[in-house]
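Each remark here refers to the structure printed beneath this line.
FYI, it's all coordinate maths here, none of it is from the lab. Being a predicted model, the structure only gives us computed values, none of them experimental. Don't worry about glycine lacking a Cβ; one is built from the backbone with ideal geometry, like all the others, and counts go over all protein chains shown.
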Amino acid sequence: VGFGLTAFSLYQMTRLTLQMDSTLIIVSGFIQGLGIGFTFVPLSTATFATLAPRLRNQGTPIFSLLRNIGSSVGISIVQALLTEGSSKAHAQIASTVAPGNTALSTLPQMMSPDTMTGLALLNAEVTRQGALIGYLDDFAIMMIITVLAIPLLLLIKSPRRSAAASGPAEVPH
């Protein structure tokens, strides 16, 4: 359920536009929050249920460390993809801003590429459009990775019930 909700919210985020209001962002963020909650709580439960009670004090910081490292690596990769994707989109859009392009004549006079101010405003808009394309591509990649991770859930074994595994953890003296 968690991965499904997260994938759905990421799909919604691939539909963002520069003209929309904040409703889609709020709704998709709420759904993603539910999805992450429904993902990490069972994952943590499965992790610690299979760990002997006497090892839980050592397992907790290791689990947290691995989760934090994984999150940091994921954020770094997504940021790198965003930077690269936005730059490529900016370059592609900017390549159409050329003196022979008749579509530029329909722009407001203040965005005329013939003046420094107009060129700066035009570049700001190209940057904004490129950034959106970068974000949309990142959301699509994250959605695909989330969907592809769903079959991996079948590899997680349900913990066996035993008196020793469900008992309280030993407290070292």
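Can you pull the Kirkwood radius for the chain, inverse mean 1/r over Cα pairs, to one decimal in Å?
Values: mean 1/r = 0.0500 Å⁻¹.
The Cα-based Kirkwood calculation yields 20.0 Å.
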### Task
Please determine, in degrees from 0 to 90 and to the nearest 10, the orientation of helix 56-94 with respect to the longest principal axis defined by the Cα atoms of the chain, where the helix direction is its Cα long axis.
10
### Task
Measure off 7 Å from each Cα along the Cα-to-Cβ vector at Ile156 and Met110, then give the distance between these two points in nanometres to one decimal.
5.2
